[in-house]
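Here the structure is laid out as structure tokens; the discussion comes afterwards.
The values are calculated or read from the model by the stated rules, or taken from the named source; none is laboratory data. Just so it is clear, the structure is predicted and the values come from calculations on it, not from any experiment. Note that each Cβ is placed from the backbone with ideal geometry, even for glycine, and that neighbours are counted across all protein chains shown.
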Amino acid sequence: MIKEKIHKIKSGLSLGVEEARATVLSLLDDEHSDETIAELLCALADKGETVDEITGFARGLLEKVVPLDLPDRSIDLCGTGGGKRDRFNISTVVSFVLAAGGVPVVKHGNKGSKKPNGSFDLLEELAIPYNQSPDRIKTIFNKSKLCFVFARAFHPAMKKVVKARQIAARRTIFNLIGPLCNPAQPKYQIIGSVQVKTSQLLARALYKLGRTKCLVITGEPGIDEISISGKTRIVELTGSKLKEYNITPSDFGIKPVPYETIPAGDCKENAKYFKSLMQSGEPESLLDMVSLNAGAAFYCFGKTASIKEGYELSKKLFSEKRVTAKFNGYKSLPELNQP
């Protein structure tokens, strides 16, 4: 089956949704060499993945996920990565800002694949236990309206394609569907992509997966977050309607700064920056970037009527130490720290 799919894809033909679903299930269930799986993934990337292929792969992977029963009126924030730049863990920090503002967050993510700069590397550095059972996560979420879902624990089937992805040594369809495959399937979502073309595909796939409202964002100079260095392209999905527009830092009264000057690093450095944000609101560029990205999420969820209102709310939550209180309260939850 897989050899046939490889031939079809290399011929320039695309897979339908059900065909793509069956293909990923075969990759995860059947016996294929790592080289064969890598060949299929590379063929898809060379051809260019379609909305149907992304949707089908996501549906198949979700069939293999460890179930997580949480309310779907919540929001997730996750990027596709691939920017090849030092970065601050914006989406992880934004999760605490949103929770401080009363928005329920189910943050799906992982550790860094090449260096310790992923969402869950930061949580580990902040001494926040994250590798919890589904029942424990449900209890934590019910108490705090915030939880973190460690992708490696909830997608055990993905172990089957680890070596193949290493052989491929490039971005594959699994990078694209990762943010779509939160086990809780929240109805609201912010996804970052380093390419506008990919943002359009992801937004259309999110519609097919039943999301209520999503923003898929691409910031200059090629980051999967809203930028304070240049314009950001937003693909907004509301129900069945898509619209695209640009925003710039000046729209929010932010003076643009070169991306390379924004503090970022590995989990140790980023933990220090986050603690500094909570204590003093510094560095200012990070406060602006976190608050702007949180503002977009507040708007996406319907907490505010605009991104600008959300940005202003986020800065207020920092200045009033409500982000600090939320972080400390979450970290001290008894359920989080039980063996």
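Candidates are the residues of segment 110-147 that are among the basic types (Lys, Arg) and part of a loop (DSSP other than H, G, I, E, B); the one that is nearest to the chain's Cα centre (by Cα) is Lys111.
The set of residues in segment 296-339 being modelled with pLDDT of 95 or more and acidic (Asp, Glu) consists of Glu309, Glu312, Glu320.
Residue-level check: of (1) without any contact (Cβ under 8 Å) to a residue 12 or more places away in the chain; (2) touching a strand residue (DSSP E or B) at 6+ places or on another chain (Cβ under 6 Å), Asp135 misses just (2).
Hey, which of the helices (runs of 4 or more DSSP H) in segment 158-208, taking only ones fully inside, have at least 1 residues that are more than 16 Å from the chain's Cα centre (by Cα)?
On the way: elements: 162-168, 173-177, 196-208.
Of the helices (runs of 4 or more DSSP H) lying wholly inside segment 158-208, those with at least 1 residues that are more than 16 Å from the chain's Cα centre (by Cα) span 162-168, 196-208.
Checking each residue in segment 200-226 for being buried (at least 23 other Cβ atoms within 10 Å of the Cβ) and under 24 Å from Ile262 (Cα atoms) picks out Leu215, Val216, Ile217, Thr218, Gly219, Ile223, Asp224, Glu225, Ile226.
Tell me, which residue of segment 315-339 that is touching a residue at least 12 places away in the same chain (Cβ under 8 Å) and outside any helix (DSSP H, G or I) is surrounded by the fewest Cβ atoms within 10 Å (Cβ to Cβ)?
Quick first cut of segment 315-339, residues touching a residue at least 12 places away in the same chain (Cβ under 8 Å) only: 315, 317-319, 321-327, 329-331, 333, 335-338.
From what's left, outside any helix (DSSP H, G or I): 321, 333, 338.
Working: Lys321: 15, Leu333: 16, Gln338: 10.
Restricting to residues being touching a residue at least 12 places away in the same chain (Cβ under 8 Å) and outside any helix (DSSP H, G or I), the top hit is Gln338.
Applying the set (1) under 27 Å from Lys111 (Cα atoms); (2) modelled with pLDDT of 95 or more to Lys243 leaves exactly one unmet item: (1).
Checked against (1) more than 30 Å from Leu146 (Cα to Cα); (2) among the hydroxyl-bearing types (Ser, Thr, Tyr); (3) in a helix (DSSP H, G or I), Ser14 meets all criteria but (3).
Is one or more of the residues making up segment 260-282 under 15 Å from Glu312 (Cα atoms) and more than 21 Å from the chain's Cα centre (by Cα)? Full working, then the answer.
Step one: of segment 260-282, the residues under 15 Å from Glu312 (Cα atoms) are 281.
Now narrow it down to the ones that are more than 21 Å from the chain's Cα centre (by Cα): 281.
Checked against the condition, which is being under 15 Å from Glu312 (Cα atoms) and more than 21 Å from the chain's Cα centre (by Cα), segment 260-282 yields at least one hit.
Filter segment 290-314 down to residues that are in a loop (DSSP other than H, G, I, E, B) and farther than 16 Å from Ala100 by Cβ and give me whichever is nearest to the chain's Cα centre (by Cα). Break it down stepwise before answering.
Here is the first cut: in segment 290-314, the ones in a loop (DSSP other than H, G, I, E, B) are 302-306.
Filter again for farther than 16 Å from Ala100 by Cβ, leaving 302, 305-306.
On the way: Gly302: 19, Ala305: 23, Ser306: 21 Å.
So the residue we want is Gly302.
Among the residues that make up segment 210-226, is at least one of them touching a helix residue (DSSP H, G or I) at 6+ places or on another chain (Cβ under 8 Å), polar (S, T, N, Q) and under 20 Å from Asn175 (Cα atoms)?
Quick first cut of segment 210-226, residues touching a helix residue (DSSP H, G or I) at 6+ places or on another chain (Cβ under 8 Å) only: 213-218, 220-221, 223, 225-226.
Adding the requirement that they be polar (S, T, N, Q) leaves 218.
Adding the requirement that they be under 20 Å from Asn175 (Cα atoms) leaves 218.
Among the residues of segment 210-226, at least one is touching a helix residue (DSSP H, G or I) at 6+ places or on another chain (Cβ under 8 Å), polar (S, T, N, Q) and under 20 Å from Asn175 (Cα atoms), which makes the answer yes.
With the condition kept exactly as written, say whether any residue in segment 28-46 is within 17 Å of Ala151 (Cβ to Cβ) and of a type outside the set (Phe, Trp, Tyr). Looking through segment 28-46, at least one residue is within 17 Å of Ala151 (Cβ to Cβ) and of a type outside the set (Phe, Trp, Tyr). Against the conditions (1) in a loop (DSSP other than H, G, I, E, B); (2) farther than 23 Å from Gly112 by Cβ; (3) of a type in the set (Gly, Ala, Ser); (4) in contact with a Pro (Cβ under 8 Å, 6 or more places away or on another chain), where does Ser250 fall short? Just the number, please. Of (1) in a loop (DSSP other than H, G, I, E, B); (2) farther than 23 Å from Gly112 by Cβ; (3) of a type in the set (Gly, Ala, Ser); (4) in contact with a Pro (Cβ under 8 Å, 6 or more places away or on another chain), only one is false for Ser250: (1). Of all residues in segment 26-70, count the ones that are of a type in the set (Asp, Glu), part of a loop (DSSP other than H, G, I, E, B) and surrounded by fewer than 21 Cβ atoms within 10 Å (Cβ to Cβ). Total meeting the criteria: 3.
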